[in-house]
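Reviewing the structure listed below.
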């Protein structure tokens, strides 16, 4: 047990300390964006289950690979908060509350939204690429996937989990998330699983680029002004 506890402190200690203090001091006010996202998702769920609301939600938040690119991109931000009809809504609400909440406290509101949108957008664009390649290619998808509705926070949750693990040294957790996404594709090769891998890859690229940016010394007279506060304000 001591060995497990020691491993847990090493893996999640920094993340725990970062989250604990704001929660003790501010309670629910520590993550207002995440709570708002939970409420928005719950409202959308209620609306789309009404006879008059389903079409409205589809028009503003449902993304399919067969849709024209510009309308799909305009719908993509809201698609994070449209629960999938074939999955229990409590799963989406729990993901947003837990993962978005931790990310908002640790990364900040705008960084959380940046990572979440990057991951979701990567999945959305991959679907178009995969269908263009066709089912005979390693990254290809069958043409029938063009009609699949692509909604929900799962791609954003994958991206945020990888980003948090990378930033706070929880590498085993980040690796477990990546492994779970790979196993998902092997066991059930569907659009959602491959989109999760695309979201994972996009987040790794984003985190890697940020790490390289932080390690590069500033040049010329501006170098002395690159303080730690400056670095902490950079995107994740």
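Here, each number is a calculation from the coordinates, and none is a lab measurement. Remember, it's a predicted structure, so these values are computed and weren't measured experimentally. Backbone-built Cβ (ideal geometry, glycine too); neighbour counts: all protein chains shown.
Here are the numbers:
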| quantity | calculated |
| --- | --- |
| Structure-based [θ]222 nm, the chain - -39500 (n - 2.57) summed over DSSP H runs of at least 4, per residue, nearest 500 | -22000 deg cm²/dmol |
| Descending semi-axes in whole angstrom, ellipsoid equivalent of the chain, from the Cα gyration tensor | 31, 22, 19 |
| Kirkwood-based shape ratio for the stretch 49-189, expressed as Rg/Rh from alpha carbons | 0.98 |
| Size descriptor, Kirkwood hydrodynamic radius, that averages inverse alpha-carbon separations across the stretch 61-125, Å | 12.8 |
| Gain in span if fully extended, residue 205 to residue 182, counting 0.36 nm per residue against the direct Cα distance | 6.5 nm |
| Rounded to 10°, Cα long-axis angle of helix 191-215 versus longest principal axis of the chain | 30 |
| Distance between modelled label sites at residue 20 and residue 56, nm, 7 Å Cα→Cβ extension | 4.5 |
| Kirkwood hydrodynamic radius over Cα pairs of the stretch 19-69, then Stokes diffusion coefficient at 10 °C and 1.306 mPa s, in µm²/s | 119 |
| Rel. contact order, % - alpha carbon contacts under 8 angstrom, at least six apart, the chain | 21 |
| Inter-label distance, nm, simple model (7 Å from Cα along the C-beta direction), residue 133/residue 189 | 1.2 |
| Contour excess over end-to-end distance, with Cα ends at residue 10 and residue 84 and 0.36 nm allotted per residue | 23.1 nm |
| In degrees, nearest ten, helix 171-187 long axis to first principal axis of the chain (Cα) | 20 |
| The chain: angle of helix 109-133 to the longest principal axis, Cα-based, in degrees nearest 10 | 40 |
| Rounded if a/c under 1.5, otherwise prolate or oblate - the stretch 164-219, Cα gyration tensor axes | oblate |
